[in-house]
Amino acid sequence: MQAHSYSYAVASNPVFYENSPLHVLFAGESQTKSGHAVGPKIYDYYLLHFVESGKGIFRTEQHTYQLKKNDFFLIHPGQLVSYTSDEEEPWRYRWSAFTGHHTEQVVQEAGLRVHQPVFHAADQSPIPGYLEQMQLAFYSRKSSSHLSALGYLYLIMGEASNYLSDWTDPSGADSQIRRTVKQMVQYMSTQYAHPVSIEQMSEGLGYNRAYLSRIFKKETGISPVTYLLKLRIDKSRQLLRERPELSVEQVAASVGLTDALYFSRQFKRFCGQSPTEYRSKVKQYPQS
């Protein structure tokens, strides 16, 4: 049996947890001893581990998992679990604990369900590096380390989502099209204030414009160009109502249309009146 030097280190968040939406409690690392066992026990927070080397067994109330290098496992609060290091090749892992009323949503979005709390990451995964940086941030004892740790936690959840999305959400042609259309809607909803084009969106999403236009119209009934323009006009109507101090040119620029004349023409096309007429009517009839 190969001898392994036991080591253990943990760093706590210097910022006290006070019912925040998402809060990292601590981060640590350990080279375990042969046969080192934890549990069966229940935690009242989420506890994730990343296996850097060696092997071990992770048991939940539903399953038993044989884990090895580059495996990731997440313990959900309230679940009776145990995990044991291999006798011959005891594992070395890094871990982090987190809590807060927003955590379940984050974990669900990452695809780490109670019935599937593990995944195998590729070689050179950035996850152990994120965990190490989280631990080092806590060692610094700076209040800013709280925010740094949240950033690393989101990066870890993003990596988990990348690994799990292919099979937690079936990747058939129809579901892929729906996801792509949702990405298009999200892109336009967040970028409408900038002078972006459908070409730029297509490039950003990594698809051909003709393909995106075809699937978007099939799913929504209108083209991406029309959707984006309608979105901009709807936002401009809100500004015309709520920000009377803004000029028509400023409203147009605020919705990503730098040509005020083009904006006015399109506004009249959608609303049946010019921006100035619309604003005047709103002043006269506030309930409109």
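Select from the range 122-139 the residues that are farther than 15 Å from GLU52 by Cα and open to solvent by less than 60 Å² (accessible area, probe 1.4 Å) and list them in ascending order.
Residues satisfying the conditions are MET134, GLN135, ALA137, PHE138.
Inspect all residues belonging to the range 256-269 and state whether any of them is free of Cβ contacts under 8 Å to residues at least 60 places away in the same chain, over 30 Å from GLY111 (Cβ atoms) and within 32 Å of the chain's Cα centre (by Cα).
No: zero hits.
Can you name the number of the only condition in (1) open to solvent by 30 Å² or more (accessible area, probe 1.4 Å); (2) modelled with pLDDT of 85 or more; (3) polar (S, T, N, Q); (4) touching a helix residue (DSSP H, G or I) at 6+ places or on another chain (Cβ under 8 Å) that SER202 fails?
(1)
Can you tell me which residue is nearest to PRO195 (Cα to Cα) among those in the range 207-238 that are open to solvent by 80 Å² or more (accessible area, probe 1.4 Å) and touching a helix residue (DSSP H, G or I) at 6+ places or on another chain (Cβ under 9 Å)?
Within the range 207-238, the first condition is being open to solvent by 80 Å² or more (accessible area, probe 1.4 Å), and the residues that meet it are 208-209, 214, 217-219, 230, 237.
Next, only the ones that are touching a helix residue (DSSP H, G or I) at 6+ places or on another chain (Cβ under 9 Å) stay: 208-209, 217-219, 230, 237.
On the way: ASN208: 20, ARG209: 17, LYS217: 22, LYS218: 25, GLU219: 25, LYS230: 14, ARG237: 18 Å.
So the residue we want is LYS230.
Can you find, within the range 97-121, the residue that is surrounded by the most Cβ atoms within 10 Å (Cβ to Cβ) among those that are under 19 Å from ASP44 (Cβ atoms) and within 13 Å of the chain's Cα centre (by Cα)?
LEU112
I need the full set of residues from the range 79-96 which are of a type in the set (A, V, I, L, M, F, W, C) and open to solvent by 50 Å² or more (accessible area, probe 1.4 Å), in order please. Let's see the steps before the verdict.
As a first pass, look at the range 79-96 and keep what is of a type in the set (A, V, I, L, M, F, W, C): 80-81, 91, 95.
Scanning the range 79-96 gives a single hit, LEU80.
Condition test on ALA37, is it in contact (Cβ under 8 Å) with a residue 12 or more places away in the chain, under 19 Å from THR84 (Cβ atoms) and of a type in the set (A, V, I, L, M)?
Yes.
Any chance the range 64-73 includes a residue that's of a type in the set (Ser, Thr, Tyr) and in contact with a His (Cβ under 7 Å, 6 or more places away or on another chain)? First the steps, then the outcome.
Step one: filter the range 64-73 for residues of a type in the set (Ser, Thr, Tyr), giving 64-65.
So of that shortlist, the ones also in contact with a His (Cβ under 7 Å, 6 or more places away or on another chain) come out as none.
No - not one qualifying residue is present in the range 64-73.
Count, please, the residues in the range 172-192 that happen to be open to solvent by 40 Å² or more (accessible area, probe 1.4 Å) and either farther than 25 Å from GLN116 by Cα or modelled with pLDDT of 85 or more (or both).
Of the residues in that region, 9 qualify.
May I ask you to list the residues in the range 31-69 that are surrounded by 14 or more Cβ atoms within 10 Å (Cβ to Cβ), among the β-branched types (Val, Ile, Thr) and within 28 Å of the chain's Cα centre (by Cα)?
VAL51, THR60 - these are the residues of the range 31-69 that are surrounded by 14 or more Cβ atoms within 10 Å (Cβ to Cβ), among the β-branched types (Val, Ile, Thr) and within 28 Å of the chain's Cα centre (by Cα).
Quick one: ASP169 ticks every box in (1) in contact with a Gly (Cβ under 9 Å, 6 or more places away or on another chain); (2) open to solvent by less than 60 Å² (accessible area, probe 1.4 Å); (3) at pLDDT below 90 except a single one, so which number is it?
Every condition holds for ASP169 apart from (2).
Please give the strands (runs of 3 or more DSSP E) falling wholly within the range 68-165 in which 1 or more residues are over 22 Å from GLY56 (Cα atoms).
Where strands (runs of 3 or more DSSP E) fall fully within the range 68-165 and carry at least 1 residues being over 22 Å from GLY56 (Cα atoms), they are 92-99.
For the range 242-288, which positions are assigned to a loop (DSSP other than H, G, I, E, B), open to solvent by 80 Å² or more (accessible area, probe 1.4 Å) and either over 21 Å from SER189 (Cα atoms) or among the hydroxyl-bearing types (Ser, Thr, Tyr) (or both)?
GLU245, THR258, TYR285, PRO286, GLN287
The values are calculated or read from the model by the stated rules, or taken from the named source; none is laboratory data. In this text the structure is predicted, and so the values were computed from the model without any measurement. Using ideal geometry, Cβ is built from the backbone for each residue, glycine included, and neighbour counts are taken over all protein chains shown. Ligands, DNA and RNA are excluded from the accessible area calculation, which covers all protein heavy atoms including side chains. Shrake-Rupley method; radii C 1.70, N 1.55, O 1.52, S 1.80 Å.
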